[in-house]
1. In the set Ala92, Ala32, Ala55, Ala71, which member is modelled with pLDDT under 85 and either surrounded by 11 or more Cβ atoms within 10 Å (Cβ to Cβ) or closer than 21 Å to Glu147 by Cα (or both)?
2. For the range 13-29, which positions are at pLDDT 85 or above and closer than 17 Å to Gly109 by Cα?
3. Can you pull out the residues in the range 119-167 that are of a type in the set (Asp, Glu), over 20 Å from His91 (Cβ atoms) and either touching a residue at least 40 places away in the same chain (Cβ under 8 Å) or exposed (fewer than 11 other Cβ atoms within 10 Å of the Cβ) (or both)?
4. Determine the pairs where a residue that is more than 29 Å from Asn70 (Cβ to Cβ), located within the range 14-43, has a partner that is of a type in the set (Lys, Arg) and at pLDDT below 85 with Cβ atoms under 9 Å apart, the partner being 6 or more residues away or on another chain.
5. Can you spot a residue in the range 40-51 that is charged (D, E, K, R) and either over 20 Å from Gln126 (Cα atoms) or open to solvent by 40 Å² or more (accessible area, probe 1.4 Å) (or both)?
6. Go through (1) free of Cβ contacts under 8 Å to residues at least 60 places away in the same chain; (2) in contact with an Asp or Glu (Cβ under 8 Å, 6 or more places away or on another chain); (3) within 19 Å of Gly13 (Cα to Cα) and name the single condition Asp93 misses.
7. Any residue in the range 19-27 that is on the phi > 0 side of the Ramachandran plot and open to solvent by less than 50 Å² (accessible area, probe 1.4 Å)?
8. Look through Ala64, Ala111 and report the one residue that is surrounded by fewer than 12 Cβ atoms within 10 Å (Cβ to Cβ), without any contact (Cβ under 8 Å) to a residue 24 or more places away in the chain and part of a helix (DSSP H, G or I).
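The values are calculated or read from the model by the stated rules, or taken from the named source; none is laboratory data. This is a predicted model, so every value here is computed, not measured. We place every Cβ from the backbone using ideal geometry, glycine too, and count neighbours over all the protein chains shown. Quick note on the areas: whole protein, heavy atoms, side chains included, nothing else; ligands and nucleic acids left out. Shrake-Rupley method; radii C 1.70, N 1.55, O 1.52, S 1.80 Å.
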Amino acid sequence: MVDDIKRAPRLQGDKILWVHLMPYYQQSLKAAFDYSPAHQIVAVDMAFCTMSDLADADPFRALAKKLIGNAMNGPYERKLALVDRLLDATHADGVIHFCHWGCKQSAGGSALLREHLHEAGVPLLQLDGDGIDERNSHDGQIKTRLEAFFEVLEAKRAESDAQDGASSGESAAQSGSVEAKGGAQ
């Protein structure tokens, strides 16, 4: 793993927050993200779903609290709050949500996640598939949808860059106007 970390490119491309399971056998996903300077997964929500302290003096009580408060347990708002915390911490450019066939939480919450991220202005790609049995996944379709998602992220970045350029141009014009007015006095 240390060698993998050393070989990994510097974080410079699209930062992706991955939500739910990852189909590790999916070749199109491996090609898009493995050692890629253009697109990088910065966090996976499943790794952070129980990030709470075990501060209670009673270890069984502490574990019970941790399980009950898990983002994968209870109302979907817990998952949305976790996604928000991870977006804030990682400054991800977009979210990929893999809806594993048969998972009631990922399928049932997908509309809530879509609406929540839409309101926040965060691009979302929802992929349906089987995270366990590669015979039930469609690599070509996933590759096409992934490429389209990357185009959305690129367009959003270009729009943001154009707005930044326009606002810095306005600032320069306004400061020039102030200087001209000040010089005329």
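1. Among Ala92, Ala32, Ala55, Ala71, only Ala71 is modelled with pLDDT under 85 and either surrounded by 11 or more Cβ atoms within 10 Å (Cβ to Cβ) or closer than 21 Å to Glu147 by Cα (or both).
2. Leu17, Trp18, Val19, His20, listed by residue number.
3. Within the range 119-167, Asp130, Glu134, Asp139, Glu151 meet the criteria.
4. What qualifies is Tyr35/Arg7; Pro37/Arg10.
5. The answer is no, given that none of the residues of the range 40-51 is charged (D, E, K, R) and either over 20 Å from Gln126 (Cα atoms) or open to solvent by 40 Å² or more (accessible area, probe 1.4 Å) (or both).
6. The one condition Asp93 does not meet is (1).
7. Within the range 19-27 (the criterion being on the phi > 0 side of the Ramachandran plot and open to solvent by less than 50 Å² (accessible area, probe 1.4 Å)), the answer is yes, since at least one residue qualifies.
8. Ala111
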